[in-house]
Amino acid sequence: MLSSLVAIVLVLLSYSIWRRLKLFRVLWKAGHVGPRGNIISGSYFEMKRHGCLILFEKWFKEYKSDTIGFYYGTQPFVISKNLDLAKQILIKDFQNFKNRANNSPLEAAHPMIGAHLLFTNDDRWERIRNFMTPSFSTVNLREMFTRLTKCMDVFMENLEVAPLNSIDVYPLIRRLTLDNIARAAFSVATNVQENPFGSPPKFQIAAERSIDLWGSHWLSPVALCLRPVGQFLFRKLRAMGLVEHPQDAMSNYMEQLTDLRNSSRKIPGGPQSETEWVDFMQNLINGARRETMDSRKFHRHLGFKLSRNEVVGNCLLFFLAAFETTSSALSFLIYSLAREPEIRARLRHNLQKSLEETGYELSYDFVMNHRYLDMVINEGLRLYPTANGFLGRATIRDYEYKGIKIPAGVDVLFPAFHIHRDPKNFPEPEKFDPERFSPDRKNQTPSLAYLPFGAGKRSCIGNRFALMQMKQLIARIVLKYDFHLVAEKHRGPLKLTDRAFVLIVPGEGIHVKLVPI
């Protein structure tokens, strides 16, 4: 009996090892160069130790290729700076790459997070996106702009009481961005900006913890190296209350807010009509109450209306997608402008001149249509594309383009940071030069060399909301203050931190000296 059991275990173990070895030959059989890693974790721990910004650049140089194969846990990846390949995969052959790369197995195992736009696939993704798209119409963005203005008024008041000789703008901008999202998307007034230099309130702590993503969770290596085992353990232990996901607190908050919004229609004195709430959350709640013409084309088993999990999950996604990316992008822009007094002065002059012509109103149309402001923002996003790891796609069927073979099941990633800093795409790539995006020069940029919001049908759905925030804040700061870096805080190159293979954030803050104008 015992010998039979041992034999079965040995057979299963041998089969598992054979399967693992076969998996780790997929990329090399397809002809990809790159690090071998190990059959347990691939290059996961090397990426954890060095970060993808440093490691990807090292691999591109070491293997002398713009397309590299590696394993993130057991998931085979191809990273590429080949713009022709990017155009094929992201746009022309989209149907074979319509799903995002899933380098976050614990996210997909979460009931709310697994239901949002980032982690849904095929028809379900398209159906949810159709429900979400109207939230970012020009009419809705104008309404959001008015709400953002109130948040930014508080931010500018906080700058007035800040120590002007040295201030780290990054934590202040994080508070502002959190306030912006809560007011514009959920009609919620927060207190996150009330005591800007004190301890963060609970809501902010929950939001910041959620941005830790899956990388800091102790089950993350298990899920990446033994995906079914890690996901099973996470679901079971979470159901037993033995583990928490970093995003549980914000997920619970979104559930409560959704339920409160639903019940408020029945409370005396509460809103009696769906039209009394005009924001992102209400648009999704409306999608849970009634079907749309677009929703009818999807398979009946998907449901014509949004489920509760889909409503909550996509409200949570708004926070996750808009919070850290916008905060970091704005902070990087302040850093870049603080190093360039001539560009700063030109932007201020252009803004002042345009305001004189439009009656001194910093309106939605003004900031969204100001050419030089747009050039400055675009160049900031080129140098520091904060959502660096979101341009991954899953390969549905075996694929080949000009000798580059990508087997089914392999994820393909186009790292925006490295594409943006490739001198073949942008000469003197380290230089902050808004003129790259002038009408005369922007057409010289190769197609798909600029990818801060992705490309194709799965590009960022909220890009105009992000740009609206960035343009309004940069315009207001530049018009009121001159500023430069605090030398003792920024002696060398800016330290960048990449979080969980996805986000780029300031590693040690952005310290500036403000001079009122």
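Before moving on, here are some points about what is shown:
- Counting other Cβ atoms within 10 Å as a rough exposure proxy, the listed residues ARG339, ARG209 run ARG339, ARG209 from fewest neighbours to most.
- Counting every other Cβ atom within 10 Å of each residue's Cβ, GLU126, GLU57 order from fewest to most as GLU57, GLU126.
- Dipole-positive endmost among THR445, VAL139, ILE406 within the chain (Cβ charges, Cα centre): ILE406
- Computed from Cα atoms, the angle from the helix 227-239 axis to the main principal axis of the chain rounds to 60 degrees.
- Counting 0.36 nm for each residue step from TYR63 to LYS22 and taking away their Cα separation leaves a gain of 12.5 nm.
- Counting only DSSP H runs of at least 4 residues, each contributing -39500 (n - 2.57), and dividing by the residue count of the chain, the helix-based mean residue ellipticity at 222 nm comes to -15000 deg cm²/dmol.
- The slack in the chain from HIS349 to LYS92, taken as 0.36 nm per residue of separation less the alpha-carbon distance, amounts to 88.3 nm.
- ³J(HN,Hα), Karplus 6.51/-1.76/1.60, whole Hz, each residue of the stretch 441-447, x for Gly, Pro: 10, 5, 6, 7, 6, x, 4
- Reported to the nearest whole Å, the Cα centre-to-centre distance from the stretch 446-517 to the stretch 371-435 is 17.
- Sorted by Cβ neighbour density within 10 Å, fewest at the top, the residues ASP248, ASP498: ASP248, ASP498
- Farthest toward positive dipole pole in the chain [+1 Lys/Arg, -1 Asp/Glu at C-beta], among ALA86, ILE113, HIS32: HIS32
- Cα gyration tensor, the stretch 69-136 - rounded (a/c under 1.5), prolate or oblate: oblate
- Nearest 10 degrees, 0 to 90: helix 341-358 Cα axis against the chain principal axis: 60
- Within the shell of other residues whose beta carbon sits under 14 angstrom from the beta carbon of THR445, the net charge comes to +1, with Lys and Arg scored +1 and Asp and Glu -1.
- Between the Cα long axis of helix 169-186 and the first principal axis of the chain there is an angle of about 80°, rounded to the nearest 10.
- Distance violations [Cα-Cα > 22 Å] among LYS92/LYS305; LYS64/LYS495; LYS431/LYS457; LYS22/LYS87; LYS22/LYS405; LYS81/LYS442: LYS92/LYS305; LYS64/LYS495; LYS431/LYS457; LYS22/LYS87
Since every read-out is calculated from the coordinates, none of them should be taken as a lab result. None of the values given here were measured: they were computed from a predicted structure. With ideal geometry, Cβ positions are generated from the backbone for all residues, glycine too; neighbour counts draw on all protein chains shown.
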